[in-house]
1. Got a sec? What order do R237, R300, R350 fall in by accessible area at 1.4 Å, biggest, i.e. largest, first?
2. Taking a cut-off of 12 Å between Cα atoms, list the aspartates and glutamates near K244, but don't count ones fewer than 8 places away on the same chain.
3. At a Förster distance of 22 Å, what's the computed FRET efficiency of R295 paired with S234, Cβ-Cβ distance as r, to 0.05?
4. Taking the chain as the reference, fit the longest principal axis to its C-alpha atoms, fit the long axis of helix 270-280 to the helix C-alpha atoms, and give the angle between the two in degrees, 0 to 90, nearest 10.
5. How much area per residue is accessible in region 3-217 when the probe is 1.4 Å and only protein heavy atoms are counted (Å²)?
6. Would you check the accessible area of L210, probe 1.4 Å, heavy atoms only, in square angstrom rounded to 10?
7. About the Cα centre of region 3-217, what is the dipole size in debye to 20, counting +1 per Lys and Arg Cβ and -1 per Asp and Glu Cβ, all else neutral?
8. Which value in Å is the Kirkwood Rh of the chain over different Cα pairs?
Amino acid sequence: MPLSHRSTLTQYLIEQRRRYPGASGDFNALILDVALACKAIARAVAFGELGHAPCQDGGAVGGTGVGTVVGNVGGGINVQGETQKPLDVISNDVFTRMNDWGGHCAGMASEEMDDPYQIPPQHPRGKYLLVFDPLDGSSNIDVNVSVGSVFSVLRAPQSVVESGRDVVEADFLQPGTHQVAAGYALYGPTTMLVLSVGHGVVGFTLDPNLGEFMLTHAHIQVPAETQEFAINASNSRFWEAPIKRYVDECLAGKTGPRGKDFNMRWIASMVAEAHRILMRGGVFMYPRDTKDPSRCGRLRLLYEANPIGYIIEQAGGRASTGRAAVLGVQPTALHQRIGLVFGSKHEVERIERYHAQPHGVDMPSPLFAERSLFRS
Ligand code: AFP
């Protein structure tokens, strides 16, 4: 049956499963549990300040308990040393509770938890690992800017599946190429779920009447060319030469070496930036820099860079550390940070070429040397 543009997420997953006649259905059930978590978080986010008081439904959002007293938890410090917003904590709780009972997961890991999450003993253990940032961009919550959830699905190592043992950090240290699915939910003017199960990228919009994710974007492709880039320019004095060169050349516009004008964007909510790039092209950079020598980037490899990188590459774009494909990086720690550049393929390849050249510059660039707007 050809996929209609109004399929539900469930119908889409059933269509995909037909490719694998031996599939048990565990994978589809896992994605549907993740989607349910995203719906519950969308609802919690939508309450905004109203969430500080108990909502009228007594918190019964599909039995999730979301919607109650949003403002009274959180305020702790997570493993990243960042202050947790109440919604960070609630979203993490929703993700773990929605996914720990179904028998699909062997364990989970999250930005908000120092250590891997163990499936409680009363529930069966499955063959997948779920890794997520339950509420990315949460520093934007107070100003009502779009935020999102990012997730990555890996296979649990055979030793975990066979023994049913507790998961340990090492089980999660798999390169992004090992992901079997990745996606994000964007809580913006509409709530969307963007997903790849390894056969391209599709987008679903949450129908508020039905409470269903409906397929609205059947074949998402990142345009190869762009005139838009996104970077936090306040870090320019810490950038390495190849990034300075790239940005300078974009800023030089029509009269510079690129021969065209660029727009710059920065939302500080990576899911929202990734979504914009998937819809109309662009390049996002949070590169390695010299701001804090103890860390080699801002974004987290396992639950930010890898899932977004997977989606972008499945959509025909490129995701890189600046030097090499981010999906090829062998992780060394659960909460490892990394430099990340992703988006329109030709732009990311250009940035990689600049990194490959000695000092990031192959010939004296008059703009870089003389007129750099971001000279250090
Ligand atoms: P939060 O989830 O702590 O708000 O972090 C968001 C984020 O990881 C990513 O979504 C943004 O692109 C990036 O950080 C913004 O970082 P700056 O605040 O340094 O611009």
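1. R237, R350, R300
2. Filter leaves D289.
3. Given R0 = 22 Å and the Cβ-Cβ separation, E is 0.80.
4. Helix 270-280 and the main axis of the chain meet at about 70 degrees.
5. 42 Å²
6. About 110 Å², rounded to the nearest 10.
7. 840 debye
8. 21.4 Å
The values are calculated or read from the model by the stated rules, or taken from the named source; none is laboratory data. Please read all numbers here as calculations on a predicted model, not as lab measurements. As a convention, Cβ positions derive from the backbone with ideal geometry for all residues, glycine included, and neighbour counts pool all protein chains shown. Please note that ligands, DNA and RNA were not included when accessible areas were found on the heavy atoms of the full protein model with its side chains. Shrake-Rupley method; radii C 1.70, N 1.55, O 1.52, S 1.80 Å.
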